[in-house]
Every structure is written in C-alpha cells, then in structure tokens.
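Q: Quick one: the structure is below, and I'll ask about it shortly.
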Amino acid sequence: MITIFSSEHRQQAGTVELINGRLEAPVEKPSRADSILASVQSAMLGPVLAPKDFDVAAIERVHDPRLVSFIRTAWGQWVAAHGAWDALPPSSRARGMQVREPETIDGKLAYFAFDAGTPITAGTWTAARAAVDVALTGLETLGSGGRAVFSLCRPPGHHAARDYYGGYCFFNNAAVAAQKAIDNGAQRVAILDVDYHHGNGTQSIFYERSDVLFVSIHADPRQDYPFFLGYADETGQGAGEGFNLNLPLRWGTQWPQYDEALQTAIERIRHHAPEVLVVSLGVDTFEKDPISRFKLRAADYPKIGHAIAAIGAPTLFVMEGGYAVAELGHNVVSVLSGFERAG
Ligand code: OKP
Ligand code: ZN
C-alpha cells in the first residue's frame, strides 16, 4: 500500500493544551506522525510519497472561505496583539448568543474555534494545508489503480466543520477528499469514521446530502467529546435523510460490542455501493490511549482492516486520532495490513 506523507506536519507543534483542568503539553504532537511513519517503513507496507500542492479552492469546496482566511491570518494578528505564544480562544458562544463575527483576534478566535485544545501556532497554516494535500494526493493516487492508499495526515480533520475548527482539527482532510471524489465524477462516496471521537465536522458538512454517506462508530456523546453531535437519532436531513449513521458506544467498549457496530456500519456502506470509500482512521479506541475510554487491544486492529476490506470499494485511509504514541504506529499498520491481507 502506498503511503502519502509530508514532513510539514511538524509545523503544527502547540505548547499547551487544557487537559483535565491543567495546562499540559499537547497530546496531539509531531511524534505521533513520526511514530506512524516509522512503523510504515519498518513493516515495509509500501512506498512513501510526498504530496503534490493543491489549490486552496479544493478546501473551499467544503469550508467557508472566511474560515480558510482566518486560519491563514490568525497567527499574524495574534502575535501583533499578544506576542508569539499559542493562540487560544478566550471564550466561546453560549446558547442564544449573537452570531456576528467580531473584529479583534480574540473575538475571532472565540467565533471560529469550538474548543480550547486546538492552538494556532506559527506553522499551523502550513501544516494544515499540507495535511489536505496529503489527503488529496492520496485520492489522486487511488484513482490511478490499487485497492487502497494511506494518507498519513496530521493535523487530523474530522472535527472541523464548514465554518469552525477545533478538536486538534483545522481543515477536514477526509471531507475535502470525499468532495474531490464527487467533483471528479463519483456519484456515491462513503466515509467510515472509526476514530474514538465522533466526526462532528464531517457529519455536518454532508448532513443534507445523499451522495456522501457518513457512518461513524464512536464514544457516546452523552459521555465524551465532542458532546453535542453523534447521537444515534441523527440520521440526516432533507435529501440527506437516511445517509448519516451514528453508532455510539459506551465507555469501556471491548471488541465484541465494537465488532457488532462495525458489522452494522459495513452492511450500511455496502448497501450504498460507494465508488470510493474514505476511512477516517483513528486508533484512539486503544485500551492504553491517554484520552479515551474504549478497551480495544492491539490484536483487534487487524480485524478492523479485514472487515473494511469486505466492503470491496477503492479505499482511502485518512489518518485522524490516536495518542498512545508508543503503540500508535503499530496499531495503524495493523489496520492497513489487515486490510491488505484480506481477500
Ligand atoms: C481529536 B480526534 C480540550 C480538548 C479536549 C479534544 C479531543 C480531540 C480528539 N482541551 N479533547 O478525534 O482524535
Ligand atoms: Zn479521536
């Protein structure tokens, strides 16, 4: 399997994140992607290629140009106001509050961000752009044949929606790639999100559409982040009714319950008969993940890859979360090689 990777990911390196009430070193850090790359190489998964540069227009197919320009300019505005330290929002909007975009950088951060765990740094724009290029290059590579390609994206993307960012995500790499597949002529695309956290951004981008099916297995939003989307009764709207499937699971979930949800997900996706399958690949479902509460074991990851292969569609794996850095690369490669070994 070909892997697409850009070392520009290192440009996203926050100093602090609010974790359990303390300012701590971010869990979403450059060593994550380096660990995955090292495992890809030592397992000899296949060639590792650099991405091509794509135009920002591909991003604006799914994101508001105002969000794109904010991510591009925020650091400069922040440094001018407060100096060279991670840019984090000072507040956020509560129910019923005004929705106009403020003028100052602090107001704009509060307006565009939905959490305080996603620092904008000097290199954020470069890294976030490169992650989109990695996803788009993966899609293009998939188009020239082969069953699957791995886009080793960092920063992740699935929490970023049309006009807001958060959850370590700036641009929705998987959604940009899915939209590009449609723009290239595909009539049906499916996105399977197996990250521990619900892909609220991806869901909301495609919520009213029937061409891109979104299916997600994740921690119950009653218990875990992002808290406000991911319920089972969110099934899509308008033309998209029936094209959104959420399979929330409780804290403590182990393989038997996970596998049951995975089979349901796969059945739904097969029924859609996608011409391209995008997998938002998070392995933060792992028992030792520092921020998550599922209990999957290392031996479960090949089974996830094997199950996904049964869908039988050209598959673009797009990296999302996974924070147990010591085992991260191993678990990711387990999914990919489990896929490759299947039929
Ligand atoms: C990203 B991905 C506030 C942030 C709380 C955010 C988790 C984001 C997970 N400090 N945690 O889905 O793996
Ligand atoms: Zn996650």
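The values are calculated or read from the model by the stated rules, or taken from the named source; none is laboratory data. Remember, predicted model here, so these are calculated numbers, not experimental data. No Cβ is skipped: glycine too gets one built from the backbone with ideal geometry, and neighbour counts run over all protein chains shown.
Q: Please state which of the following conditions Gln41 fails to meet, knowing it meets all the rest: (1) over 22 Å from the mean Cα position of the chain (by Cα); (2) closer than 20 Å to Pro119 by Cα.
A: Every condition holds for Gln41 apart from (2).
Q: Find the helices (runs of 4 or more DSSP H) located wholly in segment 80-188 whose residues include 2 or more that are closer than 22 Å to Phe339 by Cα, within 14 Å of ligand 1 (Cβ to nearest atom) and out of contact with any Leu (no Cβ under 6 Å at 6 or more places or on another chain), and list them.
A: Working: elements: 105-112, 124-143, 173-183.
Result: 173-183.
Yes or no, residue by residue, for (1) under 19 Å from Phe243 (Cα atoms); (2) more than 17 Å from the chain's Cα centre (by Cα); (3) more than 16 Å from ligand 2 (Cβ to nearest atom):
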| position | (1), (2), (3) |
| --- | --- |
| His271 | yes, yes, yes |
| Pro274 | yes, yes, yes |
| Glu287 | no, yes, no |
| Leu296 | no, yes, no |
| Ala310 | no, yes, yes |
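Q: Tally the residues that are of a type in the set (Lys, Arg) and assigned to a loop (DSSP other than H, G, I, E, B), restricting the search to segment 43-79. Break it down stepwise before answering.
A: Taking segment 43-79 first, the residues of a type in the set (Lys, Arg) are 52, 61, 66, 72.
When the remaining residues are screened for being assigned to a loop (DSSP other than H, G, I, E, B), the result is 52.
Matching residues across segment 43-79 total 1.
Q: When you scan segment 217-228, do you find a residue that is assigned to a helix (DSSP H, G or I) and not acidic (Asp, Glu), even just one?
A: Residues of segment 217-228 that are assigned to a helix (DSSP H, G or I), as a first pass: none.
No, segment 217-228 contains no residue that is assigned to a helix (DSSP H, G or I) and not acidic (Asp, Glu).
Q: For segment 230-339, which fully contained strands (runs of 3 or more DSSP E) count at least 3 residues that are surrounded by fewer than 24 Cβ atoms within 10 Å (Cβ to Cβ)? Spell out how you get there, then give the answer.
A: Numbers: elements: 244-249, 276-281, 315-319.
In segment 230-339, the matching strands (runs of 3 or more DSSP E) lie at 244-249.
Q: Here's a follow-up. Being among the aliphatic types (A, V, I, L, M), at negative phi and surrounded by 19 or more Cβ atoms within 10 Å (Cβ to Cβ) is true for just one of Ala25, Ala58. Which residue is that?
A: Working: Ala25 fails: surrounded by 19 or more Cβ atoms within 10 Å (Cβ to Cβ).
Of Ala25, Ala58, the one residue that is among the aliphatic types (A, V, I, L, M), at negative phi and surrounded by 19 or more Cβ atoms within 10 Å (Cβ to Cβ) is Ala58.
Q: Another question, then. Output yes when any residue across segment 271-279 is at pLDDT 95 or above, charged (D, E, K, R), under 13 Å from His218 (Cα atoms) and more than 16 Å from ligand 1 (Cβ to nearest atom), and no when none is. Steps first, answer last, please.
A: If we filter segment 271-279 for residues that are at pLDDT 95 or above, which is where we start, we get 271-279.
Still in the list and also charged (D, E, K, R): 275.
Next, only the ones that are under 13 Å from His218 (Cα atoms) stay: none.
The answer is no, given that none of the residues of segment 271-279 is at pLDDT 95 or above, charged (D, E, K, R), under 13 Å from His218 (Cα atoms) and more than 16 Å from ligand 1 (Cβ to nearest atom).
Q: State which residue is farthest from Ala309 (Cα to Cα) when the search covers only segment 176-208 and only residues that are without any contact (Cβ under 8 Å) to a residue 40 or more places away in the chain and surrounded by fewer than 20 Cβ atoms within 10 Å (Cβ to Cβ). If you could, list the steps in order and put the result at the bottom.
A: At the first step, the residues of segment 176-208 found to be without any contact (Cβ under 8 Å) to a residue 40 or more places away in the chain are 182, 185, 206-208.
Among the residues that remain, those that are also surrounded by fewer than 20 Cβ atoms within 10 Å (Cβ to Cβ) are: 182, 185, 208.
On the way: Ile182: 21, Gly185: 23, Glu208: 27 Å.
Among those that are without any contact (Cβ under 8 Å) to a residue 40 or more places away in the chain and surrounded by fewer than 20 Cβ atoms within 10 Å (Cβ to Cβ), it is Glu208.
Condition check ((1) closer than 24 Å to Gln77 by Cα; (2) out of contact with any strand residue (DSSP E or B) (no Cβ under 8 Å at 6 or more places or on another chain)) across all residues:
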| residue | (1), (2) |
| --- | --- |
| Arg129 | yes, yes |
| Leu136 | no, yes |
| Gly143 | no, yes |
| Gly166 | yes, no |
| Ala174 | no, no |
| Ala178 | no, no |
| Ala181 | no, no |
| Ala190 | no, no |
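Q: Could you tell me how many of the residues in segment 15-35 are in contact (Cβ under 8 Å) with a residue 60 or more places away in the chain, more than 19 Å from Val332 (Cα to Cα) and more than 16 Å from ligand 2 (Cβ to nearest atom)?
A: Final tally of qualifying residues: 3.
Q: For segment 1-40, how many residues are over 30 Å from Pro314 (Cα atoms) and in a helix (DSSP H, G or I)?
A: Matching residues across segment 1-40 total 1.
Q: Just give me the residues in segment 151-173 being among the small types (Gly, Ala, Ser) and in contact with a helix residue (DSSP H, G or I) (Cβ under 6 Å, 6 or more places away or on another chain), in sequence order.
A: Ser151, Gly157, Ala160, Ala161
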